[in-house]
Amino acid sequence: MGRERHSIQHILHAGIPLMVLVAGAAAGGQWLAAVRQSLPLGVPNLTTFLAFTAALLALAAYRVWRDPLRLWAALGLLMAAALHGLGGVGLAWLGDLLKTLDVPPVVALAAALAIGFLPASGYRIRSGWSLLIVATAIGTALLVLGRWSAGTAGASASWIAALPFGGILWMGFRRRGWRADRFRYWLLNASAWATGITFAGFAPWRPAAGVVSTFPPGAVDVIYGCLIWGAWSALSEGSRQRRAATPGASAGPLSDTIARLVAAYREDTPADALFQVCLTALLEAVGGGYGLIGEVRHERQGRPFFALRVVGTGPEIRCAEMEVHDPDTPIGTVVHSGHTFICNDSSAADTQPNGLPPGHPSVHALLVVPLYVGDTLIAIAALANRPGGYAPERVEQLQPLLQTCAMLLRAWQDAHGRRTAEEAVRSNLAAMEASIDGMSIVAPDGRYTYANRAHCELHGYQTAAELIGESWQILYDERELDRFRREIIPQFMKRDRWRGECIGRRVDGSTFPQELSLTAMGQGGMVCVVRDITERKIAEGRIHHLAHYDALTGLPNRRLLQERLGQAVAQTRRAGRMLAVLFVDLDHFKPINDSLGHDAGDELLKIVSGRLTEAVRESDIVARLGGDEFIVALTNLAREQDAVMVAEKVRGILRQPVALGQAQEGVEVSCSIGISMYPTDGTEIDVLLRKSDAAMYRAKARGRDGYIFHGQAVNARMSERLHLERALRRALDQDEFILHFQPVMDLVHDRVMCVEALLRWRNPDLGVVFPSNFIPYAEECGLIVPIGRWVLEQACVHARALAALGSGDRYLSINLSQRQFRDPALVETLIETLKQADTDPRSLALEFAELTLTDRVDPNLGDTLKSLSELGIRICVDNYGISGVSPLQLKRYPLHALKIDRSLVQELPTNLDCAQLTAAIIAMSRTLGIRVMAGGVETAEQLSFLRAQRCDAAQGIHVSGPMPWEECLTWLEKHQCPSAAARVG
């Protein structure tokens with residue numbers, strides 16, 4: 001309601017003088033026309049006189065206020081007076097020029113006012129060229145429109161002047177121009193009147209003869225009268241403010257105020273306290289009971305805004321918070337334009353919309369000044385309600401104080417930034433000193449300028465002073481320095497950083513492995529971070545040893561044997577020599593192990609491995625494949641007889657009695673040896689191993705405790721292979737293959753997790769034959785594909801039956817050979833088989849040996865496994881832990897579970913190495929999100945150990961042995977509930 005009443009009062013306050021001007025202009029014009037009174041200075045009529053008078057007053061107001069708007073108003077009024085016929089003051093030439101251009105008087109005045117009002121309304125025109133361009137554009141547009149309207153009636157062309165007058169009116173009200181000063185106040189009244197009469201068609205546009213004018217006398221005179229009134233009011237207001245700004249009106253001498261302000265400044269002064277001191281000084285120098293001050297900040301987009309710090313009301317100076325982003329407010333105008341804002345309109349009342357804080361008093365005079373340091377705007381101060389208002393001259397007198405405030409605020413900002421930076425440096429140094437990693441800074445000349453305590457301790461120095469000033473090269477030996485020059489420094493210079501491993505040197509000359517990080521600094525030099533990785537290297541060495549060496553005997557395992565045999569074959573090929581592979585298998589080892597115990601068996605294996613190592617040269621290779629099987633590779637042989645001599649030596653050294661366990665007498669051990677020769681029996685490692693294995697079995701068949709070359713058994717082996725191939729084909733035709741089923745126990749929930757289908761060959765002559773005895777032959781002769789298809793069909797049928805029992809998420813698993821996984825039609829075959837058996841793919845799991853993941857022959861293995869997994873089929877790795885597949889390789893494939901090889905499980909829990917490796921596999925599987933099962937569980941102790949290590953599932957004769965389908969169903973019904981399942985463990 002207060003705002004509405006003020007608007008009504010404002011309209012009445014403007015309308016009454018305007019109506020008086022209208023009536024006076026009309027009466028005066030009629031009287032002068034009636035008496036034919038002539039005016040002085042060659043002025044032909046009242047309109048010309050009013051325009052000329054307004055121009056003189058505007059020029060006088062410009063002299064006082066130095067406002068470009070008043071200068072442009074005076075120029076426009078002079079042009080209008082000249083067009084109205086003013087000639088006695090030397091302006092006839094201007095009138096004649098403008099008349100030849102057909103520019104109406106009001107159009108000329110409107111153009112000049114529009115040019116002057118544009119920068120005065122808050123639009124930023126910073127240069128004379130910009131102002132010239134704007135003036136030219138507006139003048140050209142009005143000239144074209146004026147010439148176009150030359151042949152039209154005044155009423156038809158009246159809208160031309162309405163455009164600039166309407167623009168002035170819109171810009172003035174948008175920027176609240178009526179509150180700025182009295183001149184703008186009356187200029188907006190004149191614009192409102194001119195807009196109205198031009199739209200109504202009442203303005204006499206052309207003074208030339210022949211134009212009919214039906215307008216009331218004095219219509220245009222009102223415009224000039226408003227400008228006369230406004231200019232006169234501005235002159236009167238300026239006089240009052242100059243009187244108010246005379247010396248002695250301020251609270252005290254300005255120099256004393258500046259001196260007190262400078263004396264009160266300290267670098268450690270809080271920010272709010274400094275702003276309070278500056279505001280107090282400004283209020284004392286200017287007078288007035290209200291003021292505020294704050295700093296200029298910038299948004300992320302770079303736009304400036306005002307952030308209030310303190311407010312002063314009377315004697316009270318208090319902290320306050322407020323932000324001003326609106327450029328239409330007085331403070332926002334100063335922030336965006338950078339110019340001083342003065343408003344001395346006593347009728348204006350201001351509240352929060354003008355960007356002042358809540359609770360401020362009614363504002364009847366306002367001064368907003370920018371505080372600059374150089375060209376940088378750093379703060380804004382607003383002072384209000386000074387008696388008599390604010391004069392521009394007083395602002396000029398305050399410039400020393402304003403500059404002092406700005407410099408003190410900038411000095412405080414710089415000091416605050418410096419203290420913040422110093423605190424950050426101290427914090428960083430404290431963090432570097434507390435770090436367990438060695439940290440140092442090396443100058444561009446290569447010498448240390450800083451080293452923390454950890455850096456000194458890593459290299460054996462007592463204090464940093466011993467390193468400061470020394471070259472970084474003293475911490476590395478010559479060999480490592482050569483690597484720095486060849487590899488590390490070129491990469492660092494190219495990328496400004498380097499990270500890797502190297503060998504550091506301590507002050508006593510000892511070395512240690514370290515991880516080094518180098519980072520370039522902007523001003524030159526570099527930051528070095530050093531970490532001692534001795535323990536990590538030891539751990540990596542242990543992991544490497546476990547992965548490449550047999551945990552019991554310390555001999556190379558199958559993986560390392562493959563690598564060393566590859567190297568030996570390459571050397572033998574280059575030398576043109578021979579190489580022998582001896583497959584050594586102990587005779588009757590199982591009875592010894594069962595009768596004397598596992599500890600005695602382990603001791604025997606250790607002794608055998610030592611004797612085998614002693615029996616050969618250092619260049620030869622001795623490895624353990626597992627169980628009681630060993631490989632001896634003899635390199636650089638000239639003839640086969642050399643292999644015979646070593647075989648005899650091995651037999652003789654192993655026959656020596658061995659004292660084991662509780663045996664009263666020494667135990668004698670014999671062995672069977674199969675020998676394959678390179679290149680006679682093959683050039684590939686796998687071929688040589690396979691043929692030596694076949695020869696070893698032939699040696700056992702001949703009565704054990706002997707050796708035989710593969711070449712001597714070729715005919716018998718080929719005959720046996722043909723016989724076995726015929727028998728396998730007959731087995732497919734006569735349904736001699738059967739499936740046995742072995743449950744897998746879930747150790748977490750104490751229930752059956754799945755059932756594994758195991759293939760058996762029920763041969764009429766040989767009885768039940770296990771897969772290890774015929775699958776290799778089936779793969780060689782190509783029968784593995786039809787046998788595998790039969791197994792898949794039977795497994796799908798039984799998987800559907802297992803799911804029909806309502807056994808939750810139980811599934812059936814089967815083993816596939818490497819050859820089957822290489823079959824490109826495997827996925828299509830599975831889809832077709834599942835569809836024919838109407839079996840859910842989620843009820844089936846496929847297992848494959850760990851060795852399959854190391855097979856580089858099939859690059860499509862990953863795609864095959866992914867396709868199977870997408871069908872819902874579970875993928876499991878069998879016999880894990882013997883082929884050296886890394887966790888990174890496992891992570892590449894969509895695996896559901898892995899099964900620890902029985903050779904590791906059988907050694908639990910007595911064999912410490914096997915126990916540690918099993919625990920590591922379980923922990924690794926959990927990290928990768930893969931379930932882990934243990935195969936070959938034969939004792940309660942093994943099961944207890946697996947439970948303690950949080951193994952997910954177990955399989956073996958301790959849980960249940962393989963059985964026909966009917967017996968398996970009975971077993972499942974018996975162990976349906978968790979309590980019954982738990983009793984198995």
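The values are calculated or read from the model by the stated rules, or taken from the named source; none is laboratory data. Predicted model, so just to flag it, every value in this text is computed and none were measured. Ideal geometry is used to build each Cβ from the backbone, glycine not excepted, and the neighbour counts take in all protein chains shown. Surface accessibility is based on the protein's heavy atoms, side chains included, excluding ligands, DNA and RNA. Shrake-Rupley method; radii C 1.70, N 1.55, O 1.52, S 1.80 Å.
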message = I need a count of the residues in region 574-609 that are of a type in the set (Asp, Glu) and surrounded by 14 or more Cβ atoms within 10 Å (Cβ to Cβ).
response = 4
message = Can you tell me which condition Ala757 does not meet? The list is (1) in a strand (DSSP E or B); (2) not assigned by the TED database to the domain that holds Leu844, and all the others hold.
response = (2)
request  = Could you identify the single residue in Thr257, Thr280, Thr269, Thr333 that is surrounded by 14 or more Cβ atoms within 10 Å (Cβ to Cβ), assigned to a helix (DSSP H, G or I) and at pLDDT below 80?
outcome  = Thr257
message = Out of Gly287, Gly312, I need the residue that is in contact with a strand residue (DSSP E or B) (Cβ under 6 Å, 6 or more places away or on another chain) and modelled with pLDDT under 80. Which one?
response = Gly312
key: Residue selected from region 887-924 under the condition small (Gly, Ala, Ser) and open to solvent by 40 Å² or more (accessible area, probe 1.4 Å), by the criterion farthest from the chain's Cα centre (by Cα)   = Ser903
query = From the list Gly522, Gly509, Gly500, which one is open to solvent by 60 Å² or more (accessible area, probe 1.4 Å) and either in the same structural domain as Thr449 (by the TED database) or hydroxyl-bearing (Ser, Thr, Tyr) (or both)?
reply = Gly522
key: Pairs, first farther than 19 Å from Met578 by Cα and in a helix (DSSP H, G or I) in region 642-653, second open to solvent by 30 Å² or more (accessible area, probe 1.4 Å) and not acidic (Asp, Glu), C-beta under 7 Å, six or more apart   = Ile653/Arg611
inquiry  = Any residue at all in region 474-486 that's modelled with pLDDT of 90 or more, part of a strand (DSSP E or B) and not assigned by the TED database to the domain that holds Ala920?
reply    = no
ask   = Taking region 891-914 as the search range and keeping residues that are outside any loop (DSSP other than H, G, I, E, B) and in contact with a Phe, Trp or Tyr (Cβ under 7 Å, 6 or more places away or on another chain), which one is nearest to Leu853 (Cα to Cα)?
value = Leu898
Whichever residue in region 845-885 is under 38 Å from the mean Cα position of the chain (by Cα) and touching a residue at least 60 places away in the same chain (Cβ under 8 Å) and, among such residues, is surrounded by the fewest Cβ atoms within 10 Å (Cβ to Cβ) = Gly884
ask   = Are any of the residues in region 472-492 touching a Lys or Arg at 6+ places or on another chain (Cβ under 9 Å), under 30 Å from Arg426 (Cα atoms) and open to solvent by 30 Å² or more (accessible area, probe 1.4 Å)?
value = yes
request  = Give Gln571, Gln462 a once-over and let me know the one that is of a type outside the set (Val, Ile, Thr), in contact (Cβ under 8 Å) with a residue 12 or more places away in the chain, more than 17 Å from Gly446 (Cα to Cα) and open to solvent by 30 Å² or more (accessible area, probe 1.4 Å).
outcome  = Gln571
inquiry  = Tell me the residue from Leu605, Leu552, Leu560 that is outside any helix (DSSP H, G or I) and under 23 Å from Asp693 (Cβ atoms), please.
reply    = Leu552
ask   = His548 is checked against (1) touching a Leu at 6+ places or on another chain (Cβ under 6 Å); (2) at pLDDT 90 or above; (3) not acidic (Asp, Glu) and fails just one. What number does that condition carry?
value = (2)
inquiry  = Filter region 64-108 down to the residues that are among the basic types (Lys, Arg) and at pLDDT 70 or above and list them by number.
reply    = Arg70
message = Quick check on region 813-832. Is at least one of its residues of a type in the set (Phe, Trp, Tyr) and open to solvent by less than 10 Å² (accessible area, probe 1.4 Å)?
response = yes
ask   = Is region 523-545 home to any residue that is farther than 30 Å from Leu560 by Cα, out of contact with any Leu (no Cβ under 6 Å at 6 or more places or on another chain) and free of Cβ contacts under 8 Å to residues at least 60 places away in the same chain?
value = yes
key: Out of Arg842, Arg789, sole residue that is open to solvent by 30 Å² or more (accessible area, probe 1.4 Å) and closer than 21 Å to Leu759 by Cα   = Arg789
ask   = Which one of the conditions (1) assigned to a helix (DSSP H, G or I); (2) at pLDDT 85 or above; (3) among the polar types (S, T, N, Q) does Gln742 fail to meet, given that it meets all the rest?
value = (1)
request  = Please find, within region 501-519, the residue that is farthest from the chain's Cα centre (by Cα) out of those that are closer than 10 Å to Leu458 by Cα and outside any strand (DSSP E or B).
outcome  = Val507
query = Can you tell me which of Asp765, Asp750, Asp838, Asp823 is more than 30 Å from Asp686 (Cα to Cα) and modelled with pLDDT under 85?
reply = Asp765
task = Examine region 423-446 for a residue that is part of a helix (DSSP H, G or I) and open to solvent by less than 30 Å² (accessible area, probe 1.4 Å), and state whether such a residue exists.
result = no
request  = Those residues that are within 43 Å of the chain's Cα centre (by Cα) and more than 18 Å from Glu850 (Cβ to Cβ), I need them from region 930-948; list them, please.
outcome  = Leu946, Arg947, Ala948
ask   = open to solvent by 10 Å² or more (accessible area, probe 1.4 Å), touching a Leu at 6+ places or on another chain (Cβ under 9 Å) and not β-branched (Val, Ile, Thr): does that describe Gly666?
value = yes
message = Any residue that is assigned to a helix (DSSP H, G or I) and in contact with a strand residue (DSSP E or B) (Cβ under 9 Å, 6 or more places away or on another chain) - is there at least one of those in region 666-676?
response = no
message = Take Ala415 and tell me if it is open to solvent by less than 20 Å² (accessible area, probe 1.4 Å) and modelled with pLDDT under 80.
response = yes
